[in-house]
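Data block below; observations after.
The values are calculated or read from the model by the stated rules, or taken from the named source; none is laboratory data. Not measured: the values here are computed from a predicted model. Cβ placement follows ideal geometry from the backbone for every residue including glycine, while neighbour counts extend to all protein chains displayed. Each accessible area value is taken on the protein alone, full model and side chains, heavy atoms only, with ligands, DNA and RNA left out. Shrake-Rupley method; radii C 1.70, N 1.55, O 1.52, S 1.80 Å.
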Amino acid sequence: MLIDRAGIARLIPHAGDMCLLDGVLIWGEARIECVSSTHRWVGNPMRRDGQIGILCGVEYAAQAMALHAALAGGGTEAPRRGYLASLRAVCCHTDRLDAIPGPLLVEAERLLGEAGGVIYGFAVRHEGGLLLSGRAAVVLEQSVA
């Protein structure tokens, strides 16, 4: 594993149990692959009525996007904050994440980037099977000069 949970927590704004990623397997200029088993935690903050719905996988992907942005920026200073502006072509292939028995593979690929925002493709997988996929537009805060 290239980066563990503690290293991830230093790079993204998600703190404590809300930091959902356990590690980074690979990353490059446009792509990142992370792993997580936090969907199995009884205390997962995404859990409602004992379950974690599949659309919560978007938060896992958003954290992978934030982590990719931090790493692509050198990982030395806090990246500009980003906000999910829209989701497109979201496809769900199961109902729940908490029922998945093993680790999740969370992938994000930067498809387009400019000063005001980025578009990422994302996927959440388990043992090679696709659980959730789509595209996300992220609006970036303007940097303060």
Alpha carbon centroid spacing (whole Å) that separates the range 114-145 from the range 1-50: 15 Å
Candidates per chymotrypsin sites (Phe, Trp or Tyr not before Pro) in the range 2-101, loop by DSSP, up to 16 other Cβ within 10 Å: Trp41
Net charge near Leu131: determine it from the other residues with C-beta under 15 Å of the C-beta of Leu131, scoring Lys and Arg +1 and Asp and Glu -1. -3
Using 0.36 nm per residue, how much length does the chain from Ala6 to Gln142 gain when fully extended, once their Cα-Cα distance is taken away? 46.2 nm
Dipole of the chain, Cα-centred, from +1 at each Lys and Arg C-beta and -1 at each Asp and Glu C-beta, to the nearest 20 debye? 160 debye
Which one of Ile32, Leu20, Gly50 has its Cα pushed farthest toward the positive end of the charge dipole of the range 1-56, where Lys and Arg give +1 and Asp and Glu give -1 at the Cβ? Gly50
Nearest-ten-degree value, helix 57-72 long axis tilted from longest Cα axis of the chain: 30 degrees
Just want to confirm a number: the relative contact order over the chain, from Cα pairs under 8 angstrom separated by 6+ residues, in percent. 24 percent
Compute the convex hull volume of the Cα atoms of the range 1-81, divide it by the residue count, and report the result per residue in Å³ as a whole number. 91 Å³
Heavy-atom accessible area per residue - the chain, 1.4 Å, Å²: 53 Å²
Over the residues of the chain, compute the C-alpha Rg and express it relative to 2.2 N^0.38 Å. 0.99
So how far apart, in nm, are the two label points at Arg48 and Val35 if each is 7 Å from Cα heading toward Cβ? 3.1 nm
Among Ala62, Ala89, Ala123, determine the one that fluctuates most according to a GNM of the chain built with springs between C-alpha atoms less than 10 Å apart. Ala89
Any chance you could list P(r) for the range 51-125, counting all Cα-Cα pairs in 10 angstrom bins from zero, rounded to whole %? 17, 49, 26, 8
When the accessible area of the chain is split by element with a 1.4 Å probe, what percent falls to carbon and sulfur? 54 percent
